[in-house]
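The values are calculated or read from the model by the stated rules, or taken from the named source; none is laboratory data. Everything numeric here is computed off the predicted structure, so don't read it as measured data. Don't worry about glycine lacking a Cβ; one is built from the backbone with ideal geometry, like all the others, and counts go over all protein chains shown.
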Amino acid sequence: MSKIIGVAHPIEKKFMGRFFEEKKDVFIKPARCLKFLEPGMKFIFYQSRMETGFVGEAIIKNIRISSDPWQLVDSYENRLFLSNEEIEHYISDVEKWKEKNNKVHRRKVRIWMAIELIDIRRYEIPIKPRHFIPVGGQYIREDIQVIRE
């Protein structure tokens, strides 16, 4: 298995400009692709839903985790790419989905991650991925070229 060099996360087109134009530099989401991430790795922006593709990249400066997303919100305030209302909406959607599907499973605490980014840059031309990028993100390995050198 090849070395993990970063992660790609899907972000809706309507939010993408917050990183590039509004200079937001903290990505927040429930943690899925986290175990193998370290500062210095790449973060690839995958634009989802409309005009899909890899549209930019950054370097991971720091990663913080918490079982309480509001702790992360308090730490980063207006650096987050999502507003407080959008985070609240995200949390309530997840709870509605759990209730609707009502699957029998262990109740585990959902861990949230905040990834601080530096050297954020947009690609001139989006790159179409060769594979599906799941909603939870996907590790990028050195033998898979999704990054324009």
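Here is a check on your reading of the model: is residue 94 touching a Phe, Trp or Tyr at 6+ places or on another chain (Cβ under 8 Å), aliphatic (A, V, I, L, M) and either at pLDDT 90 or above or more than 16 Å from residue 9 (Cβ to Cβ) (or both)? No. Just checking, how many residues over segment 36-69 are part of a loop (DSSP other than H, G, I, E, B), surrounded by fewer than 19 Cβ atoms within 10 Å (Cβ to Cβ) and either in contact with a Phe, Trp or Tyr (Cβ under 9 Å, 6 or more places away or on another chain) or at positive phi (or both)? The total comes to 7.
Filter segment 97-122 down to residues that are β-branched (Val, Ile, Thr) and closer than 21 Å to residue 33 by Cα and give me whichever is modelled with the lowest pLDDT. So, considering only residues that are β-branched (Val, Ile, Thr) and closer than 21 Å to residue 33 by Cα, the one modelled with the lowest pLDDT is 109.
Can you find a residue that is in contact with a strand residue (DSSP E or B) (Cβ under 9 Å, 6 or more places away or on another chain), without any contact (Cβ under 8 Å) to a residue 60 or more places away in the chain and not in a helix (DSSP H, G or I) anywhere in segment 84-98? Within segment 84-98 (the criterion being in contact with a strand residue (DSSP E or B) (Cβ under 9 Å, 6 or more places away or on another chain), without any contact (Cβ under 8 Å) to a residue 60 or more places away in the chain and not in a helix (DSSP H, G or I)), the answer is no, since none of the residues qualifies.
Inside segment 24-37, residues that are modelled with pLDDT of 95 or more and among the basic types (Lys, Arg) make up a count of 1. Would you check if residue 40 is under 19 Å from residue 127 (Cβ atoms) and among the small types (Gly, Ala, Ser)? When the stated conditions are applied, residue 40 does not pass them.
Only one of the listed residues (125, 140) is loosely packed, with under 11 Cβ neighbours inside 10 Å, part of a strand (DSSP E or B) and modelled with pLDDT of 60 or more. That residue is 125. Take the conditions of a type in the set (Asp, Glu) and assigned to a strand (DSSP E or B) and apply them to residue 22. Does it pass? Spelling it out, it is not the case that residue 22 is of a type in the set (Asp, Glu) and assigned to a strand (DSSP E or B).
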